[in-house]
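Everything below concerns the one structure shown next.
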Amino acid sequence: MSDPILETEGLTREFRGFIAVNGVGLRVAAGTIHALIGPNGAGKTTCFNLLTKFLAPTRGTIRFKGRDITGAQPAHVARLGLVRSFQISAVFSHLTALQNVRLALQRARGGSFDFWRGAKVLDIYNARAAELLDEVGLAEFAETQAGQLAYGRKRALEIATTLALDPEMMLLDEPTAGMTHADVDRIVALIRRVRQGRTILMVEHNLSVVEGLCDHITVLTRGRVLAEGDYATVSRNPEVIAAYLGTDAPADAANPDPASAAHA
């Protein structure tokens, strides 16, 4: 693996005696799509919250582009170029798709007092907002209220607002959760398009998505790293099979590929 853009050492988070993330060492190479997978309760989302500073680690270190960000605030981490999405779609339902993206672009204005200004002062962001909507396949929905978009398109809009922050690295938390097959295909194609010049770390339960999309995979179980490698390597690992099937499955189990347990 090439030099990591994001790296953790001994990353741990305890909640009143319960260890949700336990000594995780993660290395994400620049320019790759890296998946963080594991059965429910493995610590994946907690790990994401630690990386983006929505939670503080009990111990351990986090480095982004060689800089220690362990004690940084979420807004500072985002300004450095590390930006995330969430499991639950987070858009402003009563704003149009264009207005949602434009709002993300306004962060370039910093702490300006725009509520004293006319609305037209923000029109300078319309062209870039339209470009981003086109990039995620939502150009025809620019004037549609976000709350009226189908679920898969809401997730695409969320990715557009993430791209508006010009991230060097994107963290996508279950980007295909709850989607129809057609929506999954659309989001997978979208992630392939937006990866150019970026690094992506994603939590994903759909292992067929992971297989077709990701360069490297880290498997968590009970807050610890269980296995790492490409899909072919981890899918044949007997410990990974056991973790997904919930048994002590042998290496030659009847179903050696945990993809059938993708939604476990």
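The values are calculated or read from the model by the stated rules, or taken from the named source; none is laboratory data. What you are looking at is a predicted structure, and each value in this text was computed from that prediction instead of being measured. No Cβ is skipped: glycine too gets one built from the backbone with ideal geometry, and neighbour counts run over all protein chains shown.
Take VAL136 and tell me if it is at pLDDT below 95 and closer than 21 Å to HIS181 by Cα. The answer is yes for VAL136. State all residues of region 62-85 that are within 19 Å of LEU165 (Cα to Cα), touching a Ser or Thr at 6+ places or on another chain (Cβ under 8 Å) and loosely packed, with under 13 Cβ neighbours inside 10 Å; if no residue qualifies, say none. Passing the criteria: none in range.
Please name all residue pairs, on different chains or six or more residues apart, with Cβ atoms under 9 Å, provided the first residue is in region 65-76 and is more than 10 Å from LEU6 (Cα to Cα) and the second residue is part of a loop (DSSP other than H, G, I, E, B) and of a type in the set (A, V, I, L, M, F, W, C). Sorted first by the residue in region 65-76, then by its partner, the pairs are THR70/ALA56; GLY71/ALA56; PRO74/PHE54; HIS76/ILE69.
Annotation: VAL184 fulfils all but one of (1) surrounded by fewer than 23 Cβ atoms within 10 Å (Cβ to Cβ); (2) touching a residue at least 40 places away in the same chain (Cβ under 8 Å); the unmet one is (2). Would you confirm whether any residue within region 51-61 is surrounded by 18 or more Cβ atoms within 10 Å (Cβ to Cβ), part of a helix (DSSP H, G or I) and assigned by TED's automatic domain parsing to the domain that holds ALA127? No - not one qualifying residue is present in region 51-61. Looking at region 166-178, can you tell me whether even one residue there is among the acidic types (Asp, Glu), in a helix (DSSP H, G or I) and farther than 23 Å from ALA130 by Cα? No, there is no match, as no residue in region 166-178 is among the acidic types (Asp, Glu), in a helix (DSSP H, G or I) and farther than 23 Å from ALA130 by Cα.
Does ARG102 satisfy being basic (Lys, Arg) and touching a residue at least 24 places away in the same chain (Cβ under 8 Å)? Taking the combined requirement at face value, the residue satisfies it. The number of residues in region 139-160 being modelled with pLDDT under 90 and farther than 19 Å from ALA177 by Cβ comes to 0.
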